[in-house]
Structures are given as structure tokens and as C-alpha cells.
Amino acid sequence: MAQAVEAEVAALLSMHADKLTEDGRARLVRHGHLPAREIMTGIGPVAVRCPRVRDRVGRGSERIRFSSAILPPYARRSKSLEVLIPILYLKGVSTGDFEEALIALLGKDASGLSASTIGRLKEAWSEEHAPKRYVYFWADGIHVQARLEDAAQCLLVIIGATPEGRKGLVGLIDGVRESAQSWKELLLDLKRRGLAIGPELAVADGALGFWQAIEEVWPRPAASAAGCTRPPTC
């Protein structure tokens, strides 16, 4: 949200960059920030500081003012643009069509999100969400007591470790037992979401479904299971 508001300010300054004072200075300049305001979003409260601009020349109705479409005055809840815009982008909406799409969804208040603003946001998202590389996988099926269907259900979980040694949840789905098809669906979903390179080492138990699936999705990674080299036999 903070990045989006900063992009709005940058777009406004760019729009009026050719306007100068009599002594040749930029007429419109940044002028700090308003006090931080807590906005309730889909991930909880977030503190955001709205930027300010100063018009060195204009007075009264002629003064150029900055009014954020994303963070209106006194707003305490977001319009979930931080979720909506990336979804539209990933669904294939072109940069030039964003403004029209957002106006249709959110009303005329979204008109400040021009193609150039969306372009700046996309660059920030690309840096933040660059594909991760996991060198280690720990995979297991967790069987649960509750049964909503006749077939035995379990949660298929993959924990990964990056080359820097950071561990994190890579994937989690509900599967039918620990079948090869269920594991394959999870691994293919990871691949679709940008995990192009498989792990160098995969650790799991002797359930053959996982080993069959990883061999099909990422052929021949090094692997071990309970001390055995792949294919596991213990």
C-alpha cells in the first residue's frame, strides 16, 4: 500500500514536471509525509504515511494538490488493491487496461492508477516475489482423524530450505492417502507458481507415491529416505 501511494505521488510530480517557478525551480515538490495512519487490511492493521506535496506558486483553487485514490483522507480500511491489482496482472490484464478495469470494479476513485503507476508497482512486485530456489525438500503425509469422504484423507506437506539455510513451507494440499497422483498435483502446482528447478536433495519416508511423482516432475534429483538412496527401499 505504501509503495502504491508513493507511485501515485511520483505520477503526479511527473505530470507537472514542466511547470516551473519564475526563478526556474520546480513548481511542485515533495513536502514530507502526514502522520502515520493505521489502515485495516486483509492481513491486519498496517501503518501507512501519506506523502505530501507543495505547490510553490499556486494559491487557492489554482493550487495543485495531491489526493490519493488508494489512501483517501480519513480512510481506515483498504480497498484490497494490494491483492486485486496483482491478481488482475497475473490473469493477463495488460498495463494499459488496468485503469478501465479498476474503475469498473472500484468506481471512479480508482482513476488515479494510470498505466505508468501500475508499471512501477509491477517492478516492485517482481523484485519482492522473485522465484525462490530450494536445495532441500522434506516431504511427508500427515493423516488426520476427520473423514469427510470415504477415501482416507491426509495432508501432503513439503518444507524447503534455501541455499542460505532459511526453512519455510513450500506446499500444502489435502490428498488421497499418499498417492503418486496427489503428490504430482502438489509438485506441478509448485512448478506453475515459479519453482522451475527442483531440489538437490529430497528427504521423505518410504511412501512410493512421492518418489514416483518427483521423478516425473523433476527427474533425477538426489534423494534419501530414512538413510536410503533413491529409489527408497526401506
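The values are calculated or read from the model by the stated rules, or taken from the named source; none is laboratory data. These numbers come from a predicted model, not from an experiment. So basically every Cβ, Gly included, is an ideal-geometry build from the backbone, and we count neighbours across all protein chains shown. All accessible areas refer to the heavy atoms of the entire protein, side chains included, with ligands and DNA or RNA removed. Shrake-Rupley method; radii C 1.70, N 1.55, O 1.52, S 1.80 Å.
For (1) under 22 Å from the mean Cα position of the chain (by Cα); (2) under 18 Å from SER116 (Cβ atoms), each residue gets a yes or a no:
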site: ARG27; (1), (2): no, no
site: ARG30; (1), (2): no, yes
site: LEU34; (1), (2): no, no
site: PRO45; (1), (2): yes, no
site: ARG49; (1), (2): yes, no
site: VAL53; (1), (2): no, yes
site: SER61; (1), (2): no, no
site: LEU71; (1), (2): yes, no
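Based on what the data block shows, is ALA130 small (Gly, Ala, Ser), modelled with pLDDT under 90, open to solvent by 40 Å² or more (accessible area, probe 1.4 Å) and over 30 Å from GLN3 (Cα atoms)?
No.
All but one of (1) modelled with pLDDT under 90; (2) outside any strand (DSSP E or B); (3) open to solvent by 60 Å² or more (accessible area, probe 1.4 Å) hold for ASP18, so report the exception by its number.
(1)
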